[in-house]
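One structure is given here, and the rest of the page talks about it.
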Amino acid sequence: MQCPRCDKVMTPVRPDEVEAQQCPQCEGHWLEGEDLRRLESTVNVRLFEWRKLPSEELQTRELACPRCEPRQVMKKVRSERDQHVLLDVCERCHGVWLDGGELRAIQEMGFVAALTDAVRFITQD
Ligand SMILES: [Zn+2]
Ligand SMILES: [Zn+2]
């Protein structure tokens, strides 16, 4: 799978029992399905490397889902708790893209709370 931002091939990383795909260049993460839900109950996220949040301009750029064919543009979901965090959510496969710094911002504000925002969004139909 390729990074929706840089087109680099992502590699699997495993913080605890959760498997995520990580981009070697921008350090963003792709999470989907059960792994996303499992991450909610995971306290230990220290294996992730932190970076600064991407610029607002970069964050608001449209991204296509790395999973779906044909091309599916992901929906931007702003966290209710931290206005700096903008998640990209695929409405088709329910995957979530987190930019490198977003995971850090999310952890600092309460990782579970932030992902609950995302999960609530993708499960409301
Ligand atoms: Zn990337
Ligand atoms: Zn998708």
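Of all residues in the stretch 23-52, those satisfying the criterion of being modelled with pLDDT of 75 or more, touching a helix residue (DSSP H, G or I) at 6+ places or on another chain (Cβ under 9 Å) and not hydrophobic (A, V, I, L, M, F, W, C) are GLU27, GLY28, HIS29.
Given (1) modelled with pLDDT of 85 or more; (2) open to solvent by 90 Å² or more (accessible area, probe 1.4 Å); (3) among the acidic types (Asp, Glu), where does GLU80 come up short, assuming only one miss? Just one mismatch for GLU80, condition (1).
Selection within the stretch 89-101: residues that are buried (at least 19 other Cβ atoms within 10 Å of the Cβ) and out of contact with any helix residue (DSSP H, G or I) (no Cβ under 9 Å at 6 or more places or on another chain). The member of this set that is modelled with the highest pLDDT is TRP97.
The values are calculated or read from the model by the stated rules, or taken from the named source; none is laboratory data. Treat the numbers as computed from the prediction; the structure is a model and nothing was measured. Cβ: placed from backbone, ideal geometry, glycine included. Neighbour counts: every protein chain shown. For accessibility, only protein heavy atoms count, side chains too; no ligands or nucleic acids. Shrake-Rupley method; radii C 1.70, N 1.55, O 1.52, S 1.80 Å.
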